[in-house]
Amino acid sequence: TTKTPEEDNGKCQEITCDFEGCKDTKYYGTLEYGASPKSTKAAVEKFTSLIQMAGPLLGLSISNECMGDFQTDLVETMLPRCSEKCEALKSCKSACEDIQTKCLGNGLKGQLEMAMGFGSMVDSYLGTSAPVIKAWVKKLTTCSGSSISTSSNECLSPTYKAPQCDMTVTATPTTKAP
C-alpha cells in the first residue's frame, strides 16, 4: 500500500535536495504542507523569478544574500531536516525574526503580503507553487503558525549544527536465524 502525502507529514524520511536553497543534498527530513522536493524546487524557482520579474516593477530590491536566505528558509519550511534523534524540527522563532530584521525592512514585508493578496493574478503566475509560496510567506511575515517551533533550542536556525538523523541507527536491529 502506498502512503498518501498526508500520512508522511511529520515522519522523517530521506530527502534528496539538489537545488537552490538546499543546505544538504541528502538528509532525513519531513514534508510539510504536502510539499515534496519537486514541488519545493518549483516554488523556489517561481519565487525567485517572481522577485526578478516583479521586483523592479514594484521597486523591490532584494540583495543576493537575502535572496539566498529566502530560498534556504523556503526549503527549510517545506522540507525541514530532522534532529539527530530523528524527530521532526521546525524553524526557530528567533531565526524567522532575524530574517525579518535583516531582509524584510524597507517595506518589503508589506509588499510581499500585498503581492500574496492579489489572488488570481498571483495564483495564475505561481501556478501549482501558489499554496507552498503563500504558506511560506505567511510564516516569514508573521513568524508564527505551524512552521514555527514552540521550543527555542530544539529548532532550526542558521546556528543549528547537530548531526543528521541516521535512520539506520534508530531502526530496530534484525537478527538473522542461523
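The values are calculated or read from the model by the stated rules, or taken from the named source; none is laboratory data. Predicted model only: the values in this text are computed from it and were never measured. Quick reminder, even Gly has a Cβ in these numbers, built from the backbone with ideal geometry, and neighbours come from all protein chains shown. In case anyone asks, the SASA skips ligands and DNA or RNA and just uses the protein heavy atoms, side chains included. Shrake-Rupley method; radii C 1.70, N 1.55, O 1.52, S 1.80 Å.
Side notes on the structure shown:
- Total residues in region 73-99, condition open to solvent by less than 40 Å² (accessible area, probe 1.4 Å) and in a helix (DSSP H, G or I): 9
- The set of residues in region 116-169 that are of a type in the set (A, V, I, L, M) and over 19 Å from the mean Cα position of the chain (by Cα) comprises 121, 122, 167, 169.
- Condition check for residue 34: under 14 Å from the mean Cα position of the chain (by Cα) and modelled with pLDDT of 90 or more: no
- Qualifying residue in region 30-38 (condition: touching a Phe, Trp or Tyr at 6+ places or on another chain (Cβ under 9 Å), aliphatic (A, V, I, L, M), outside any helix (DSSP H, G or I) and over 19 Å from residue 142 (Cβ atoms)): no
- Of the candidates 116, 121, 67, the single residue that is loosely packed, with under 12 Cβ neighbours inside 10 Å and free of Cβ contacts under 8 Å to residues at least 40 places away in the same chain is 121.
- Filter pass, residue 25 being surrounded by fewer than 21 Cβ atoms within 10 Å (Cβ to Cβ) and farther than 22 Å from residue 151 by Cα: yes
- Between 103, 86, the distinction of being out of contact with any Pro (no Cβ under 7 Å at 6 or more places or on another chain) and under 23 Å from residue 34 (Cα atoms) belongs to 86 only.
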